[in-house]
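The values are calculated or read from the model by the stated rules, or taken from the named source; none is laboratory data. It should be emphasised that the depicted structure is a prediction, and the values quoted were computed from it without experimental measurement. Cβ atoms come from the backbone with ideal geometry, glycine included; neighbour counts cover every protein chain shown.
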């Protein structure tokens, strides 16, 4: 049973990393400008969390041209990407979430089963090395399988 879980986990992990690579290199189908930089000074406190509407602090895209939102990107007050959301099945239900810090990918969260609950968390080092991944194999919404790579 352990091999089956690890095999399923690795397939899902490969899919997540493939999607991340595609999203990193794919140009958005619509032209947009990054929001204006409000303050680059780190002393200025961060504002409230971004609203889920896109402009002025983000972009909403319908990649499948079906009228639903398939991709959203949100920016912080400095104009840097804060997080991205992707509906990988183009059904309007966001199931893959990318979180950044200073334009470097830190974490990917995936609802791989389409239940509306995150069941896979991937933590990255320097935006490209998998440091740890966690998996919810029971549907509880909490990780019960954790694998760590390298030194923490």
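Show the residue pairs that are 6+ apart or on different chains and have beta-carbon atoms under 6 Å apart, the first residue being within the stretch 59-71 and part of a loop (DSSP other than H, G, I, E, B), the second being at pLDDT below 75 and surrounded by fewer than 16 Cβ atoms within 10 Å (Cβ to Cβ).
Qualifying pairs under 6 Å: 70/64.
Go through the stretch 92-108 and give me each residue that's in a loop (DSSP other than H, G, I, E, B) and either in contact (Cβ under 8 Å) with a residue 60 or more places away in the chain or farther than 18 Å from residue 77 by Cα (or both).
The answer is 92, 93, 94, 95.
Considering only residues that are buried (at least 18 other Cβ atoms within 10 Å of the Cβ) and part of a loop (DSSP other than H, G, I, E, B), which ones fall in the stretch 116-136?
Correct list: 118, 119, 136.
From the residues in the stretch 87-108 that are touching a helix residue (DSSP H, G or I) at 6+ places or on another chain (Cβ under 9 Å) and at pLDDT 90 or above, which one is nearest to residue 143 (Cα to Cα)?
108
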